[in-house]
Amino acid sequence: MYARQELHEPEKVSLICNLLRQSPPGEFGQVVQDLSALVQDDKLVRQEAAHVGACLNKNNFTPVQINGHTVLLTHYNDLGGNRFFDPQDKFSFEFDHLRGVTRKPQLHGVMLDEGELWREALHRGLKAYVSCHFPAGNCCVFKRSLGKRHIFVACIEAHQYQPSNHRNCLWKSDWTFALTPFTTQVTGILLLQIHYFRDANLHVTVSKSVSETLNVIDQSQFTTDFVKFLKAEDTKFHTAILENIQALSEDIWGKNLRRKLPVTRTFINWNKLLNGEQLNTDVSNTEMPLYLLKHTI
């Protein structure tokens, strides 16, 4: 018999935070409940969950409903003290990361300068693109001023959280550039996370960084070119993921798993295993949530 060793509080905190940070998209609340039951210290778990949840929400561009429309929680509109800024309706609000509720909205003045006019034009173009290509997508464009120079960040988020169907999926991207004469360098990061847990426990995280120089003539021209660039990069990323998932599925069953199974000196009916209803792990089939995020390319 092994004696049960009680963890000290710093060790508990470290363990709780590490597990919370690994929460798959859309499953943070369930992880908090499970940890509370395991640790038997609900107050400590909820205390740490409030801090970790704030970071995850901003990293995942979590959408929240306020005043009848959607705002993304990001590092770009974080005002501190759990307050966030809505660049469209020009107000700020407080968000409870543990309970998932907004409160204390108030006006947040913004100067209607040239940079704000560009931001609004970019938001309209981005919103039209997202509405057309992402069935469950949201977007925001944020502006920051560095002296006389305006920096823009365009954020896209799309998700399908369906734990009852054993799948959760998040697609996000952010695009950064400065408003400069004639040309500007656009840099983007695309990321996809999938958790699929029917017949298997599959975690997939894929990311890609891109960069391109675009001409800057006026708002209409640049917005059109910017959206075309986004669409081209989204399409490349989406297509490459589907091709690699199919190749991964075939490689796992045809090569890697065959070599790593324990030696039992018995024959395995591979056709039955691949086609059997009890172990159908072909991640490229239509049960995977990727096609729900971006079905028009």
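Before moving on, here are some points about what is shown:
- Residue check, Asn201 out of contact with any Leu (no Cβ under 9 Å at 6 or more places or on another chain), farther than 24 Å from Pro63 by Cβ and without any contact (Cβ under 8 Å) to a residue 24 or more places away in the chain: yes
- Criterion applied to Phe91, Phe85 was being modelled with pLDDT of 90 or more, surrounded by 13 or more Cβ atoms within 10 Å (Cβ to Cβ), farther than 26 Å from Asn168 by Cβ and of a type in the set (A, V, I, L, M, F, W, C), and the one residue passing it is Phe85.
- Pairs, first touching a residue at least 60 places away in the same chain (Cβ under 8 Å) in the stretch 46-65, second surrounded by fewer than 21 Cβ atoms within 10 Å (Cβ to Cβ) and assigned to a strand (DSSP E or B), C-beta under 6 Å, six or more apart: Pro63/Thr70
- Among (1) surrounded by 13 or more Cβ atoms within 10 Å (Cβ to Cβ); (2) under 27 Å from Gln219 (Cα atoms); (3) out of contact with any helix residue (DSSP H, G or I) (no Cβ under 7 Å at 6 or more places or on another chain) - the single one Arg149 does not satisfy: (1)
- The residues on offer are Val186, Val130, and the sole one that is at pLDDT 90 or above and closer than 15 Å to Leu72 by Cα is Val130.
- Enumeration of residues in the stretch 25-42 that are acidic (Asp, Glu) and either within 16 Å of Gln162 (Cβ to Cβ) or touching a residue at least 60 places away in the same chain (Cβ under 8 Å) (or both): Glu27
- Restricted to the stretch 166-186, and to residues there that are touching a residue at least 60 places away in the same chain (Cβ under 8 Å) and polar (S, T, N, Q), the residue that is farthest from Gly26 (Cα to Cα) is Ser173.
- One residue alone among Leu170, Leu191 is surrounded by 13 or more Cβ atoms within 10 Å (Cβ to Cβ), outside any helix (DSSP H, G or I) and out of contact with any helix residue (DSSP H, G or I) (no Cβ under 9 Å at 6 or more places or on another chain), and that residue is Leu191.
- In the stretch 174-219, residue farthest from Lys127 (Cα to Cα) [restricted to those that are in contact with a strand residue (DSSP E or B) (Cβ under 8 Å, 6 or more places away or on another chain) and of a type in the set (D, E, K, R)]: Arg198
The values are calculated or read from the model by the stated rules, or taken from the named source; none is laboratory data. This structure is a prediction, so every number in the text was calculated from the model and none was measured. When we count neighbours, we look across all protein chains shown, and the Cβ atoms used for this are built from the backbone with ideal geometry, even at glycine.
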